[in-house]
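Student: This structure is in structure tokens; I'll ask about it shortly.
The values are calculated or read from the model by the stated rules, or taken from the named source; none is laboratory data. Every value quoted in this text rests on a predicted model; they were computed, and no experiment measured them. Cβ sites come from the backbone with ideal geometry, for glycine too, and all protein chains shown count toward neighbours.
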């Protein structure tokens, strides 16, 4: 399959068009078809938590199957039709087949006076109601009379909430987790940008020459889906998760990507993002680092609840209050911008490559200095002429040797490579070749036990 | 009894007049009668550590019973008489029945040249001596001749040092302790203000609608009395004491109450006092927060000795070097000022009400967010129109909801409500109604185990 | 022996002249003779780690015995001769008996163009080579022709690397360690100044009226010698070492002594040196405190490797890049300066006397205040007249008493005397008499277990 799409751009462009019209919700056939679509490209395994299950403080809702929802005006004109836009009905509307006066209908209509052409996106998952969403300019023109409502929906108690995940194994079973949510119907930036970025990152990371960490990819409906995933995996994550983040609203036109740190604020991803924010490492799109808040945001609110307190942050480019199209039909493919999304993916990959060397390495020869001369890493002759050379071969003012001495000295499993870069006043990228050389010499490992002290 | 005194002012006014003339010391009948007086209003239990007992590094002294002490001048005029002022004799003077020349008498006379009308208060508990205290202007007029001394005192080895305490039980057996000392004879601010404040606070706290903590009240002679109390209760306090403070010199005219923090400096009382000092919470009389010092002060020097290191601070309004009447007869009822004392008691009660919500609460549903919508604490409909409302009923820019999210997220047993107020940039009082609602919903408790993380 | 040298100056002067000509290396007879010389004055025990032993990441090299090395010019003139200067041959040169053209010889010659009169000091311990070191002005005058080389050296596989140590026992078996290296041939500041300072300090500390700590003295060849010492003693040091430092390059003309802190940066020596740097304590020669670095320096690089992480710093006056004579023949007795060295030794002794009271004392009567009055440490009469006196005998504004109260309160085994001095805003020396009085009263000990709290 991958061969068919030589570029991320081409893959995203096609997948977007296929996925956009699917009539998603937090449960039901549109959501499951969407997950199936991603399974063509990633070995996702889908699981389902049955309706009625107790998930922490929540109860898993019934599946919502909505065949079609329509609203006719007194003249028989079709005002709303989910076959035209699946935003037209309140998500999780109960079935209705009846007529109403305009006054009776009014409380069931939703529109945006400030954006008179946009259809808003409205949900009511946990309290039974029904309603239609329509452009304000259509609503304003409605005349008194008899309106016919036909919502062909049904609630199924033998269903459940699905989620899907897969893992790219690495040298360590410590995991870096990338998740996104899948539940909104036809919305672009605030729905498909995240899963599509995950798909592209899966392709890239699977082609890396090596992976120090294992990489987990998760797709789930927002909130209830992450809680269902957590209900089955939170102990695994507590044991194995090194760091992770939600990818959401990663398209659009904001000139920077915002990273919202995890609650613990010291994961390897948190640290790398802080460095990118500070300009200590190069970044295609600038990163803005912000601290965790339980107010607003996405599934990180669940991962960072006090009982879990998992090191999971959130990455977004054009979020919530940063664009007019938030939760309405203006959030389309043009706004999401495939080319810009690919630049965002490039930026995330750069960050993940830093994460790869962002751990706390351990010196495997920690008792005194290792004898570097015999490995060609130190001048064998001690003379005035060698006092500015890093090895018998490298004359460089000793910069490389000095950085190597710092790395060896600080590699006790308690200092990160970021700490070392700060002490050496250089970037982590500057230290990468020295770290890889020391790994090759079996003098350094990211997976050994910390040195007792 | 309480009914007889509808106001604290009336009770304090009457009790002061009854207690002032009693001839107190660190032992003996005047002290025990004073304790008995308080037992009319509080269920204090008195205990006594026998004379000769070893109490840590100290030995409990004999009881001092002083019937009367008098000094006559060569003409038979009565110069000093404890029936007139019980400050007139050095506290713990040995018995004397003899005559002396003025030169012989001089080393046994104490007066204050700078305050020629005042009788100083002098003690010598642990080294036998005798002497008289008198106004300097009286002393200056003494003529040479034969002076008669009659000190009718006695040291009893079958007595002991008494102390008294009682507890107002609360929802938790963790204790907030209020102590004061009782040992000075006729002094007002630096003696009776503290025990009388304790009495009023006992009345108030016993009438609170609920008590999250238990409240312990302790009266003891200073230093040796707190050591005697500690010799019996220090293990109990180490296990159960949440925080406490000595109340002393709490009357007088200083425009603020000074809180001297405990040695650990992070008890719930320390934290509340720091907030009051910083103006983060409202206060009738301003609070000035100062750090602990073992130099000067009162019984906190014992509670905060390194072997105990108990979270006990000290509250004083007009202390030590802040008024002329310190340890002399100018420290009278007028200086103490009953009306001002009641304002001080109001201030302390305000602080204690903050202490009640000053702990580190625990989210009882810490795995993900609890489902707030079903409790009426979150909008059930997710639409543009509900994005600034806290619940289906409350439209408030989401302020209440945002604070609730922070409280739930930080309630891991490691963050205090003060921390939460700082993060929410509001007062603890602003958070009180939300905390009480979450307690009522069984989503929050101040008594649960911290969340593991 | 000591009697023969009433002054340190006389001893150092004589010992320098005896030791300077010895032909030292990191192994071999010149080194062992040097150690033997010190054994006249200190009960050093010598140990030897055999050639071929694995010492952590290193292999112990063969012994180098070099009888003599000479270089003749085409005219038979003697250009280099180790009987004239033992710097003339590369240390660890292999045996050679052959003739070379000037072109062939050139890669084996070392000189310093910027210091044309100096003979450089060059070593190649771990890679076999040979060569001569000579003044650049001599080298520049060499004519083409046939040069004869005779290096009468040999590598012995039945030898080893020696080191030597001894301990002056004190009241505690916790050790303060002073080390220096012995391996350079005829160099003064960067060789003999360190061991000679150690010798003088041994004499002084052995004559102290008391030693709270035990004092360990170590001499070893640099790097491989400290690793050999560590291979036998690192577990002992981990258990018993309170703090220590390398003494190196302690002569010369720099106006200050530089202390390079240990990696842990909080040993009692680190703390004392920081105080001296800050001017909080008096110092004959100013101390400059710098943080640890694994780049450059001496044996502290081994002690502070992450696997050991021992609290060992380094003291130097004129180091490495601070004088022209570094590693060449300009580093002579005149530069080292015996009189200046003695001042450096005075300075180190002052620091060590602070170290003696630099620990974390424990109050032996920690439950409440001890009853100071009965010990003559508190006024027994409490009157206005005693409110500014420290005891019945000492009227001093209570300064001494206040400091004593602080010392007793903070002596929980978690606060150092340096902490106490900072809180009392005085020097550690100001606290010394009070500490010694409390020790004498059995109220304070530097060796008791910390107070539980």
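Student: Identify all residues within region A:423-447 that are surrounded by fewer than 21 Cβ atoms within 10 Å (Cβ to Cβ), in contact (Cβ under 8 Å) with a residue 40 or more places away in the chain and within 14 Å of another protein chain (Cβ to nearest Cβ); write none if there are none.
Tutor: If the condition is that a residue be surrounded by fewer than 21 Cβ atoms within 10 Å (Cβ to Cβ), in contact (Cβ under 8 Å) with a residue 40 or more places away in the chain and within 14 Å of another protein chain (Cβ to nearest Cβ), then A:441, A:442, A:445 are the ones that fit.
Student: Out of everything in region B:276-301 that is within 14 Å of chain C (Cβ to nearest Cβ), surrounded by fewer than 18 Cβ atoms within 10 Å (Cβ to Cβ) and farther than 18 Å from residue B:243 by Cβ, what residue ends up being modelled with the highest pLDDT?
Tutor: B:295
Student: Would you please list the contacts, defined by Cβ atoms under 7 Å and residues six or more apart or on different chains, that run from a residue in region A:216-240 that is more than 12 Å from chain B (Cβ to nearest Cβ) to a residue that is surrounded by fewer than 20 Cβ atoms within 10 Å (Cβ to Cβ) and in a strand (DSSP E or B)?
Tutor: Correct list of pairs: A:216/A:167; A:217/A:166; A:232/A:47.
Student: While we're looking at this one, here's another question. Just one of (1) more than 19 Å from residue A:245 (Cβ to Cβ); (2) part of a helix (DSSP H, G or I) trips up residue A:347, so point out which.
Tutor: So the condition that residue A:347 fails would be (1).
Student: Let me ask something additional. For the subset of region B:302-327 comprising residues that are part of a helix (DSSP H, G or I) and within 12 Å of chain C (Cβ to nearest Cβ), which member is surrounded by the fewest Cβ atoms within 10 Å (Cβ to Cβ)?
Tutor: This residue is B:321.
Student: Can you find even one residue in region C:376-391 that is surrounded by 20 or more Cβ atoms within 10 Å (Cβ to Cβ), in contact with a helix residue (DSSP H, G or I) (Cβ under 6 Å, 6 or more places away or on another chain), outside any helix (DSSP H, G or I) and at negative phi?
Tutor: Yes, region C:376-391 contains a residue that is surrounded by 20 or more Cβ atoms within 10 Å (Cβ to Cβ), in contact with a helix residue (DSSP H, G or I) (Cβ under 6 Å, 6 or more places away or on another chain), outside any helix (DSSP H, G or I) and at negative phi.
Student: Within region B:170-185, how many residues are out of contact with any strand residue (DSSP E or B) (no Cβ under 8 Å at 6 or more places or on another chain) and surrounded by fewer than 22 Cβ atoms within 10 Å (Cβ to Cβ)?
Tutor: 1
Student: Picking from B:364, B:352, B:330, which residue would you name as being within 14 Å of chain A (Cβ to nearest Cβ) and surrounded by fewer than 23 Cβ atoms within 10 Å (Cβ to Cβ)?
Tutor: B:364
Student: Any chance region C:31-43 includes a residue that's assigned to a strand (DSSP E or B), in contact with a helix residue (DSSP H, G or I) (Cβ under 8 Å, 6 or more places away or on another chain) and more than 14 Å from residue C:184 (Cβ to Cβ)?
Tutor: No: zero hits.
Student: Got at least one residue in region A:401-411 being at the interface with chain C (Cβ under 9 Å from one of its Cβ atoms), within 43 Å of the chain's Cα centre (by Cα), assigned to a helix (DSSP H, G or I) and more than 30 Å from residue A:269 (Cβ to Cβ)?
Tutor: Yes.
Student: Given the conditions (1) over 30 Å from residue C:246 (Cβ atoms); (2) surrounded by fewer than 19 Cβ atoms within 10 Å (Cβ to Cβ); (3) within 14 Å of chain B (Cβ to nearest Cβ); (4) out of contact with any helix residue (DSSP H, G or I) (no Cβ under 6 Å at 6 or more places or on another chain), and given that residue C:395 satisfies all but one, which numbered condition is not satisfied?
Tutor: Here residue C:395 meets the rest and fails (3).
Student: Right, something else. I need a count of the residues in region C:223-237 that are surrounded by fewer than 24 Cβ atoms within 10 Å (Cβ to Cβ) and part of a helix (DSSP H, G or I).
Tutor: Of the residues in that region, 7 qualify.
Student: If you don't mind, another one. Among the listed residues C:261, C:265, which satisfies the condition of being touching a strand residue (DSSP E or B) at 6+ places or on another chain (Cβ under 7 Å) and within 14 Å of chain A (Cβ to nearest Cβ)? Spell out the reasoning first.
Tutor: Numbers: C:265 fails: touching a strand residue (DSSP E or B) at 6+ places or on another chain (Cβ under 7 Å).
Testing whether each residue is touching a strand residue (DSSP E or B) at 6+ places or on another chain (Cβ under 7 Å) and within 14 Å of chain A (Cβ to nearest Cβ) leaves just C:261.
Student: How many residues, within region C:412-421, are within 29 Å of the chain's Cα centre (by Cα), in contact (Cβ under 8 Å) with a residue 24 or more places away in the chain and at negative phi?
Tutor: Of the residues in that region, 6 qualify.
Student: May I pose another question? Could you please let me know if residue C:16 is modelled with pLDDT under 95 and under 24 Å from residue C:189 (Cα atoms)?
Tutor: Considered against the rule, which asks whether it is modelled with pLDDT under 95 and under 24 Å from residue C:189 (Cα atoms), residue C:16 comes out as no.
Student: Go through (1) farther than 19 Å from residue A:226 by Cβ; (2) over 22 Å from the mean Cα position of the chain (by Cα); (3) not in a loop (DSSP other than H, G, I, E, B) one by one and return the number of the condition residue A:15 breaks.
Tutor: Here residue A:15 clears every test but (2).
Student: Something else about it: Taking only region A:238-267 into account, find how many residues are crowded, with 16+ Cβ neighbours inside 10 Å and under 22 Å from residue B:409 (Cα atoms).
Tutor: Final tally of qualifying residues: 16.
Student: Collect the residues in region B:143-169 that are in a loop (DSSP other than H, G, I, E, B), buried (at least 17 other Cβ atoms within 10 Å of the Cβ) and in contact with a helix residue (DSSP H, G or I) (Cβ under 6 Å, 6 or more places away or on another chain), keeping them in residue-number order.
Tutor: Answer for region B:143-169, where residues must be in a loop (DSSP other than H, G, I, E, B), buried (at least 17 other Cβ atoms within 10 Å of the Cβ) and in contact with a helix residue (DSSP H, G or I) (Cβ under 6 Å, 6 or more places away or on another chain): there is none.
Student: If you don't mind, another one. May I ask you to list the residues in region A:45-71 that are within 30 Å of residue A:201 (Cβ to Cβ) and surrounded by fewer than 19 Cβ atoms within 10 Å (Cβ to Cβ)?
Tutor: Passing the criteria: A:45, A:46, A:47, A:48.
Student: Return yes when residue B:142 is more than 17 Å from residue B:69 (Cα to Cα), modelled with pLDDT of 95 or more and either out of contact with any strand residue (DSSP E or B) (no Cβ under 7 Å at 6 or more places or on another chain) or within 14 Å of chain C (Cβ to nearest Cβ) (or both) and no when it is not.
Tutor: yes
Student: Evaluate region A:373-391: report whether one residue or more is within 30 Å of residue A:449 (Cα to Cα) and facing another protein chain (nearest Cβ under 9 Å).
Tutor: Yes, region A:373-391 has at least one match.
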